[in-house]
Structures are given as structure tokens and as C-alpha cells.
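Working notes, beginning with the structure itself.
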Amino acid sequence: MTFLSDRHHVLIALAVIGDALVFVLFIALTPIEHGSVEIAAFWRTGLPFAGVWLLASPWLGALRLSTLTRLRLAVWRVPLIWIGCGVVAVMLRVWLTDRTFSWTFTIVSISLVAAMLLAWRLLLLLAARRITPD
């Protein structure tokens with residue numbers, strides 16, 4: 001029993017590290033769209049997005065063993081949880097930065113991060129099948 005628990009902890013740690021890197025990559029891709037690197041973007045967008053996801057997603061089921069190891073659950077849970085977290089993150093970003101709300105930014109950023117999180121989590125799921133039996 002402890003052995004399975006240790007495997008689950010490894011999977012959770014990998015998921016959290018990879019999820020955080022998804023947000024770093026998302027912010028790093030911003031210059032491609034906007035043409036300049038802004039360190040402020042890491043604080044303005046990255047912190048609310050990553051913060052909301054890393055704080056809320058475990059409570060919403062993103063780190064459950066079933067979500068980490070079952071394809072059918074991962075493909076709908078991860079994007080659904082992110083959409084909820086993303087909406088909160090966008091509103092937090094608007095509030096913290098005194099920026100105006102933008103539907104375009106909201107839809108594009110939430111969609112892109114959802115795709116990136118899902119792609120990462122599917123890679124993790126493939127690795128998890130070797131680490132944790134079903």
C-alpha cells in the first residue's frame with residue numbers, strides 16, 4: 001500500500017512541476033505573438049494563471065490518481081477544471097493589473113493553456129501507465 005502511495009506522490013510531483021512549466025511556456029510564447037519580451041508578463045499574467053491553477057486544481061480533482069492515469073477522465077477533467085480556473089485567473093488579472101477585460105484575450109489564453117495542459121497531461125499519463133498500475 002505504501003508503495004502505491006509513493007508512486008502516486010511521484011506522479012503528483014511530476015504533474016505539479018509540469019503544470020507550472022506549462023504556464024512558463026505560455027508566457028514565454030507571448031513574445032511570438034506580441035513581438036517583445038516582457039518580464040512584467042510573467043507577473044501580470046503568469047502569476048494569476050499559475051497561481052489559480054496550482055491552488056484550485058488539486059481541490060477540483062486535477063491531481064486525483066484517476067485523472068492522472070485514466071485517459072477518459074483526463075481528456076475532459078483537465079480542460080474543464082482549467083476553464084473554471086482560467087476564468088477566475090483572468091478576472092484576478094483584470095483586478096490586480098487594472099486592465100480592461102478582453103474577450104479575445106480570455107478566449108485565446110484559456111484555449112491555448114487548456115490545449116497545453118492537456119497535451120502535457122497526456123504525456124504524463126503515458127508515463128504514469130509505467131509507474132502506476134490501473
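Given springs between every Cα pair under 10 Å in a Gaussian network model of the chain, which of GLY61, GLY46, GLY86 has the largest fluctuation?
Result for the chain, Cα springs under 10 Å: GLY61 fluctuates most.
For segment 2-131, what is the Kirkwood hydrodynamic radius in Å, using each pair of distinct C-alpha atoms?
After inverting the pairwise mean of 1/r, the radius is 15.2 Å.
For a quick check, take a GNM of the chain with Cα springs below 10 Å and name the residue from PHE101, PHE26, PHE42 with the largest mean-square fluctuation.
Greatest mean-square fluctuation among the candidates belongs to PHE101.
Okay, which of segment 57-78 sit inside 13 Å, backbone N to the point 7 Å along the Cα-Cβ direction of ARG7?
So the set is 65-66, 69-70.
Around LEU92, with a cut-off of 15 angstrom between Cβ atoms, what is the net charge of the other residues, counting Lys and Arg +1 and Asp and Glu -1?
Surrounding charge for LEU92 is +2.
If you place +1 on the Cβ of every Lys and Arg, -1 on the Cβ of every Asp and Glu, and leave all else neutral, what size is the dipole of the chain about its Cα centre, to the nearest 20 Debye?
420 debye
Hey, what did the chain get for relative contact order, percent, Cα under 8 Å, at least 6 apart?
About 32 percent, as a whole number.
Rule-based calculations on the coordinates, nothing more; no lab input. Owing to the predicted nature of the structure, the values given are computational and were not obtained by experimental measurement. Quick reminder, even Gly has a Cβ in these numbers, built from the backbone with ideal geometry, and neighbours come from all protein chains shown.
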